[in-house]
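Remarks on the structure that follows.
The values are calculated or read from the model by the stated rules, or taken from the named source; none is laboratory data. Predicted model only: the values in this text are computed from it and were never measured. Heads up, the Cβs are rebuilt from the backbone with ideal geometry, glycines too, and the neighbour counts pull from every protein chain shown.
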Amino acid sequence: MTRPSEDTLFSPSRRSMMLLAGAGAVGAATALSACSESASAVTPAANDAIDPDAIAILSSNENPYGPSPKAVEAIRAEAGNLYRYTYPTVMKFAEMIAAKEGVAPEQVLVTNGSTPILAAFSDWVNVKGGKIITSAITYEGVPRVAEQAGTEVVYMPLTADMGYDMEAIATRVSADTGAVYICNPNNPTGKTIPPAQLKAFIEDVSAKVPVFIDEAYLDMADDYPAGVMSEFVTAGKPVIVARTFSKIYGMAGQRLGYGLMPADMAMDMRNTGRLSNVNHLGLVAGMASLDDTAHFEDMRAKMIRGRAKLIAMAADLGRPIAPDPQGSFIYMDVGMPAKDFAAQMMDRGVKVVGERWSEKPNWTRICVGLDHEIEKCHAAAKEILTSI
Ligand SMILES: Cc1ncc(COP(=O)(O)O)c(C=O)c1O
């Protein structure tokens, strides 16, 4: 296929947008399962069985410390105001995000968590055509939805130190490429791409195809905010940056996220009507969270401390991990099938990721929990791993 011209990069035809709306049905369904747990790992029945007081849930990349008390207060205060549609509140929220990120409000697409942005982007590429290039062992939100819609995904191997191979990805971009998906820090390895390298990559690659940067965990990285890539959206490049309130803001259950992107692309996605279901309580909680900068800093410190505890746990267990993790999790080689390890951990009241990234069947992802949950995880893992 031929590469789209600059003009058409963000202006699918009316017919395309109708197709996009149809593809969105697939996306919406898959979006349900694309979040932090893999679809196969979490069924409603499986979740029903889990009592968070009895089981340390270290599999879902949630913030175990919960949301800002100011967000909770905002929800309480606004609970009686649910009879109105959310358009004015969405606008207010988008303006707040735009000011924070240095973009125009119309470049902000607000959704229920960032999963719908990932899915909508996959659908958008599917309509436009071309392959999605990403890395092996990365977050499935974009590639899985893309593949379900029939888009071919090219997974470039990781580097020896388990990072994205940016050079190989840049070299692979060609006339058959529709877009590139980058998760930074990557889930599950936790690796970040050095900001200067990522900026040079985006500069180069976004001149050819849209580049999607998923920053779900970036605010927990040591060098945050150096790695924030919204300046490319400000500059009007075909770059999409996705962020979420599910992680550092502790609102995974409330669902709130946003994408920064060219205004016409945001409008195309908005016009499908499939993303317009953001709820009032999420928006008011999100705005209160953004105002509560002290809570944000406290959460950042706590998540970084939790991550350090997980790193120390792996060292004590003598197990290798993907080096220098920068998200809310470690990716650890347990030296046995991760599926069996996860089952044995579950027997001991700890839920970790089992077999999710098939290229590394002996690797598990373990997320930050409360201190006592990490200690419980440590003890359980020690028992299992010293007996193999
Ligand atoms: C890298 C990444 N991106 C996006 C998401 C989507 O999260 P949410 O829909 O809760 O914003 C997740 C969830 O775990 C994630 O790990």
Discussion item. Only one of GLU147, GLU167, GLU78 is at negative phi and under 22 Å from the mean Cα position of the chain (by Cα). Can you tell me which?
Written reply: GLU147
Worksheet item: Got a number for residues in region 103-123 being more than 8 Å from the ligand (Cβ to nearest atom) and touching a Cys at 6+ places or on another chain (Cβ under 9 Å)?
Response: 0
Practice prompt. Taking the options ASP316, ASP264, ASP324, ASP340, name whichever one is in contact with a Phe, Trp or Tyr (Cβ under 7 Å, 6 or more places away or on another chain), farther than 17 Å from GLY66 by Cβ and surrounded by fewer than 21 Cβ atoms within 10 Å (Cβ to Cβ).
Written response: ASP264
Item to complete: Please find, among ARG243, ARG255, the residue that is more than 25 Å from ASP324 (Cβ to Cβ) and of a type in the set (Lys, Arg).
Response: ARG255
Fill in: Neighbours by Cβ (under 7 Å, 6+ apart or cross-chain): first from region 321-340, of a type in the set (Phe, Trp, Tyr); second in a strand (DSSP E or B)
PHE329/ARG365; PHE329/ILE366; PHE329/CYS367; TYR331/ILE321; TYR331/TRP363; TYR331/ARG365
Discussion item. Going through LYS247, LYS302, LYS309 one at a time, which residue ends up being touching a helix residue (DSSP H, G or I) at 6+ places or on another chain (Cβ under 8 Å), touching a residue at least 60 places away in the same chain (Cβ under 8 Å), outside the structural domain of TYR83 (by TED's automatic domain parsing) and closer than 20 Å to GLY66 by Cα?
Written reply: LYS309
Worksheet item: Pairs, please: C-beta under 9 Å, at least 6 apart or cross-chain, first residue in contact (Cβ under 8 Å) with a residue 12 or more places away in the chain and farther than 9 Å from ALA74 by Cβ and in region 274-292, second of a type in the set (D, E, K, R) and part of a loop (DSSP other than H, G, I, E, B)?
Response: VAL278/ARG255; ASN279/ARG255; HIS280/ARG84; GLY282/ARG255
Worksheet entry | Matching residues, region 183-205, being more than 12 Å from the ligand (Cβ to nearest atom) and outside any loop (DSSP other than H, G, I, E, B) | PRO195, ALA196, GLN197, LEU198, LYS199, ALA200, PHE201, ILE202, GLU203, ASP204, VAL205
Worksheet entry | Answer from GLY259, GLY282, GLY286, GLY250 - the residue that is within 16 Å of the ligand (Cβ to nearest atom) and closer than 27 Å to ALA207 by Cβ | GLY259
Item to complete: All but one of (1) surrounded by 13 or more Cβ atoms within 10 Å (Cβ to Cβ); (2) modelled with pLDDT of 95 or more hold for PHE10, so report the exception by its number.
Response: (2)
